[in-house]
């Protein structure tokens, strides 16, 4: 009798766990889908990709294997959010962190994601103010031997848009941004160049258009 009661209790616990597992799985799937849909239409915050979980410690998220997908989406959303804001000294560190993260993604093995990352990096670099004492940044242009401040924000951005279009010819945002850059006369590289302007804005229609998650 005791064994039967123990087995019955174990089955009840297992059934409850599976119910919660299914609930959290559905919530994550729905949350990512909804956030992607909103991001395809307008800029969203990185917190858009968040689900209401019942099981502790992100168990379902890890089981689904979507941590890299979420990190990719949140990094891209943060980049476009920063690009829409006026650069400040206080936000310089965050911009540098996001730019470095985009560089790593742009060098990844997935050409679609790498293209999106390079395109987002171009948008962010375009919005960066030129810095007279900027140190060498080889990752912005691997062929560059001198200090990175010899390039204007437009030139840095154009390099990334070109790379994005090469990585994924179907990336419409990258193609559009590159076309806009090629239609603008690029100033000669020099220190203290003015912030680029113009009536047409670079960027995405939204922060979405992300490839589907690989975890589920």
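Observations on the model:
- Rounded FRET efficiency, nearest 0.05, which uses the C-beta distance separating residue 88 from residue 30 and R0 of 41 Å: 0.70
- Label-point gap, in nm, between residue 2 and residue 112 - each point 7 angstrom along Cα→Cβ: 5.7 nm
- In whole angstrom, segment 1-127 maps to an equivalent ellipsoid with semi-axes of 41, 14, 13, each derived as √(5λ) from the alpha carbon gyration tensor and ordered largest first.
- Full-extension gain in nm, residue 179 to residue 40, via 0.36 nm per residue minus C-alpha separation: 48.0 nm
- The value of relative contact order for segment 1-134, using C-alpha pairs under 8 Å at least six residues apart, is 20 percent.
- Relative to the current alpha-carbon distance between residue 47 and residue 23, full extension at 0.36 nm per residue lengthens the span by 6.6 nm.
Read the figures in this text as sums done on the coordinates, not as results from a lab. Keep in mind it's a predicted model, so treat the numbers as computed, not measured. Virtual Cβ from ideal backbone geometry, glycine too; neighbours counted across all protein chains shown.
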